[in-house]
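Written below as C-alpha cells is the structure these notes are about.
The values are calculated or read from the model by the stated rules, or taken from the named source; none is laboratory data. The model shown is predicted, which means the values in this text are computed figures rather than measured ones. Quick reminder, even Gly has a Cβ in these numbers, built from the backbone with ideal geometry, and neighbours come from all protein chains shown.
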Amino acid sequence: MSTKGKNNCREFMAEALVGGEACNRIAALRAPQARACPVVFSSPHSGRCWPRDFVERSPLSFDVLRLSEDFLVDQLFAAAPACGFWLYAAQRPRAWLDLNRDPRELDPEMFADRLPADAVIESERVRAGLGVIPRIVAEGMEIHDRPLTWKEGRRRLSEGYYPWHMGLQALLEGLRRRWGQAVLVDCHSMPASAARSMTPLGGRKPHIILGDGEGRSCSPLLMDVLHDLFAREGYTVSRNRVYTGGFITRHYGLAGLGFQAIQIEINRELYMEEGICRTTAGFDELKAAITRVLAALPERLRPLWNDIRREAAE
C-alpha cells in the first residue's frame, strides 16, 4: 500500500493497523500550531486501526473490509493545525462503527436478540445496510456471517461512538464559549460512481460537494467562502446535490445556538484507485490544493465572524 502523504505526527499514519496498542484509541486530536480560529475539521470515516477480533471473524478479506473507508481523508487535511485549525480524526474503521449515524439507527437483520425500544429500524440508511453498526461494505458485501448479539452492539457504541462524539462536542462547546461561535467542517470522500451519476448530459462531474442541509446547518457566508476557494483551485464544486450533510452536520449545525457545520465530499477519482485503497499521482496534487485552501481560509473567515454571529442570532 502506498504511504504517500504520511505525516510525521504519530497520531496520523497512512498504514492500516490490525490490533496493537494504537488500535485502543478512538480519536486523534491535533491542536492549532498557528493563530487559532474556532474551526474544527473532523474525519469520522478515515479510521485505519482495526480491532483484531473483528477482522478475524469477518468472512471478508481485509482489503474488502477497507472499501468503506474514506481513504486517507485525514491525511488530505493534515495541514489544518498548521493553518490554525483543530483536526479531529476517528481511529477505528467505519466498517466497525459508523460515527456519522444516529446511534439509534440499528439494523434488526444484524442482531439475534431484541433491540432497544427506541431503535430506528426504518431509516433509508438502515434499509441499505448502513446503520450505525454497518451490515455491508461496498456493493452489498456482508461484513458478518452470523447475527450479532445486542451486547456486542452496545459495546461498540459505548466503546467507540459515545466517546468520539463526547470529545467532539466538548471541543466545539469550548470554542463557542471562547469565541461566541464554533465551526465544524466534516470531511468525507465519495465514490466516483456517485459523482458520475450526478453529471448532467454534457456536463462536468463534481470534484467537491459541499452540504449544509439546504442552508440549515451553517451561514451561507461559510458555504460561499469554501465554494470560492475550491473553485479557484480549478475544481468543479456542487452544493447540496445528493450529499446535503449527514448526521454529524445536522446534529452539530445548530446555528441559532452558535454552532455552524458543513460537510465536504471529495471525489475519490481525484486521488485514489477505488477498490484497492491505493493512492494515485493525484494524491499529492489534491493534498497541496487542500493545503492552499486551508491556508487561505483564516483570512477569509475573520471578517465573517460578526456576520455569522448576527445571522445565527436572527
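List of remarks:
- Per the listing ARG176, ARG114, ARG101, ARG92, the residue uniquely surrounded by 14 or more Cβ atoms within 10 Å (Cβ to Cβ), charged (D, E, K, R), over 30 Å from SER219 (Cα atoms) and in contact (Cβ under 8 Å) with a residue 24 or more places away in the chain is ARG92.
- Some residue of segment 41-49 being of a type in the set (D, E, K, R), under 22 Å from PHE283 (Cα atoms) and touching a strand residue (DSSP E or B) at 6+ places or on another chain (Cβ under 8 Å): yes
- Total residues in segment 31-55, condition among the basic types (Lys, Arg) and over 16 Å from the mean Cα position of the chain (by Cα): 2
- Hits in segment 56-75 (condition: part of a helix (DSSP H, G or I), of a type outside the set (Val, Ile, Thr) and farther than 20 Å from LEU29 by Cβ): GLU56, ARG57, PHE62, ASP63, LEU65, ARG66, LEU67, SER68
- Selection status of ALA78, within 17 Å of LEU184 (Cα to Cα) and either at pLDDT 95 or above or in a helix (DSSP H, G or I) (or both): yes
- LEU99 being modelled with pLDDT of 95 or more, within 20 Å of GLY47 (Cβ to Cβ) and not small (Gly, Ala, Ser): yes
- For segment 123-131, the criterion of being in a helix (DSSP H, G or I) and either in contact with a His (Cβ under 9 Å, 6 or more places away or on another chain) or under 30 Å from PRO298 (Cα atoms) (or both) is satisfied by no residue at all.
- Residues satisfying the stated conditions in segment 20-38, i.e. under 12 Å from GLN91 (Cα atoms) and part of a loop (DSSP other than H, G, I, E, B): ARG25, ILE26
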